[in-house]
Amino acid sequence: MDNQGNVVAGDHKMSETLNTFFASVFTEEDKDTLSRVKRCFAEKIVKTMHISHYGTSDMVKSKFSKLKMNKAPGIDLIGTRILIELSEVISDYVAELYNKTLRTSGEPDDWKLANVTPVFKKGKKN
């Protein structure tokens, strides 16, 4: 049922109704009024960290090998099978990406964005 109490039919319309409800109760913080955390000692430690102390390529390959094959790809449409099969080739690049992220003490803005869509799983659909 939608906000007006009308019965909604069809997968697309039901997912839109669920998404509309989800968006109506979701809270977005006003970033201008949030208190700022001082970046001091912790920032210095993070900038000196480096993943390669433990063998970057091996570490990344190990993480890739533990991925589950039956998981759906993310928004980048890269499936786990591709990551596992190409782990020999891409592990150095992925490790370097994380090292640069640590050195700059922040992640790319794209990593902070998300498309959140609720999915009905069980229970009453209305």
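How many of the residues making up region 58-103 are in contact with a Phe, Trp or Tyr (Cβ under 6 Å, 6 or more places away or on another chain) and on the phi > 0 side of the Ramachandran plot?
Result for region 58-103: 0.
Of all residues in region 4-22, count the ones that are surrounded by 10 or more Cβ atoms within 10 Å (Cβ to Cβ) and under 12 Å from Phe120 (Cα atoms). Spell out the reasoning first.
At the first step, the residues of region 4-22 found to be surrounded by 10 or more Cβ atoms within 10 Å (Cβ to Cβ) are 8, 13-22.
Pick out the ones that are also under 12 Å from Phe120 (Cα atoms) and you get 14-19, 22.
Count: 7.
Can you give me the number of residues within region 38-70 that are at pLDDT below 85 and farther than 19 Å from Ser91 by Cβ?
Adding up the residues that qualify gives 11.
What number of residues in region 76-118 are at pLDDT below 75 and either closer than 30 Å to Phe21 by Cα or within 13 Å of the chain's Cα centre (by Cα) (or both)?
Adding up the residues that qualify gives 12.
Quick one: count up the residues across region 65-100 that are in a helix (DSSP H, G or I) and either under 21 Å from Leu113 (Cβ atoms) or touching a helix residue (DSSP H, G or I) at 6+ places or on another chain (Cβ under 6 Å) (or both).
Qualifying residue count for the region: 11.
Of a type in the set (D, E, K, R), assigned to a loop (DSSP other than H, G, I, E, B) and at pLDDT 80 or above: does that describe Lys13?
No, not satisfied.
The values are calculated or read from the model by the stated rules, or taken from the named source; none is laboratory data. What you see is a predicted model, and the numbers here were worked out from it, not measured in a lab. Note: ideal-geometry Cβ built from the backbone for every residue, glycine included; neighbour counts use all protein chains shown.
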